[in-house]
Amino acid sequence: LNWPLLARSIGDLLHSHIGESEKAIEKMFEDAIKLQPCIIFLDELDALFHGGAGMGKRMSSHLCHQFDEMMRRADKILVIGATNHVERIDKSLQRIGRFESSIMIGLPDGEDRKAILMALGVPGDAAEKLVFDTFGMTGAELAQLVQTAKQHMLVSGVGEFSLEHFTT
């Protein structure tokens, strides 16, 4: 698919004033309707749409309403969500026509970790040596590792990465 992507995270949708989060969800779908066909990507679903009481329930209910409207209009919008805790997502969002299927994406293997490290600016030789030490790390943990190494590099005054800058 070569559709435009609307990526939203907790900071984009969660607001402290009553009704503002719901308005942000509505605006997201209004933008998607204008761009359709398009993809909406929602990150950290469990933090935003956990059901229960209060704001999480209101946001879940409003998202369900938006899904139902989208289906009624037959919009060409694909909504994808990401979470580390699928069990925390409101069950009403896990029905047909909403987030009806889930795909478990495991941890990156050695080649994937090397590619991630290199994409984050780690030279190939250093990335190759870090592959074993980073076994079991997620992409986010690898990004944090590289960020910390960059900080060590700045403090040391050296202008390029070396393995000494990494602590695993």
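The values are calculated or read from the model by the stated rules, or taken from the named source; none is laboratory data. Only a predicted model underlies this, so the values are computations on that prediction, with no experimental measurement involved. Heads up, the Cβs are rebuilt from the backbone with ideal geometry, glycines too, and the neighbour counts pull from every protein chain shown. These area figures cover heavy atoms from the full protein model, side chains too; ligands, DNA and RNA do not enter into them. Shrake-Rupley method; radii C 1.70, N 1.55, O 1.52, S 1.80 Å.
A few notes on this one:
- Helix 20-35 vs. the chain, principal-axis angle (Cα, 0 to 90°, nearest 10): 90
- For the stretch 30-85: relative contact order, % (alpha-carbon pairs under 8 angstrom, 6 or more apart): 53
- Distance between the pseudo-spin-label points of LEU78 and MET55 (7 Å out from Cα toward the beta carbon): 3.1 nm.
- Most to least accessible of SER156, SER162, SER101 (protein chains only, probe 1.4 Å): SER101, SER156, SER162
- Counting only Cα atoms, the stretch 90-157 measures 54, 24, 17 Å along its principal axes, largest extent leading.
- Contour minus Cα-Cα distance for LEU5 and ALA140 (0.36 nm per residue): 46.5 nm
- Most tightly packed first, judged by the mean number of other beta-carbon atoms within 10 Å of their residues, the peptides 38-44, 147-153 read 38-44, 147-153.
- What the chain shows is 61 Å² of accessible area per residue, with the surface traced by a 1.4 Å probe over protein heavy atoms.
- Whole-number percent relative contact order across the chain, with pairs defined as alpha carbons under 8 Å at least 6 apart: 16
- Separation of the stretch 8-43 from the stretch 97-168 is 30 Å, based on Cα centroids.
- Here the spin labels are modelled as points 7 Å beyond Cα on the Cα-Cβ line, and at LYS23 and ASP112 they lie 4.0 nm apart.
- Net length gained if the chain between ASP68 and PHE41 were fully extended (0.36 nm per residue, minus Cα distance): 8.0 nm
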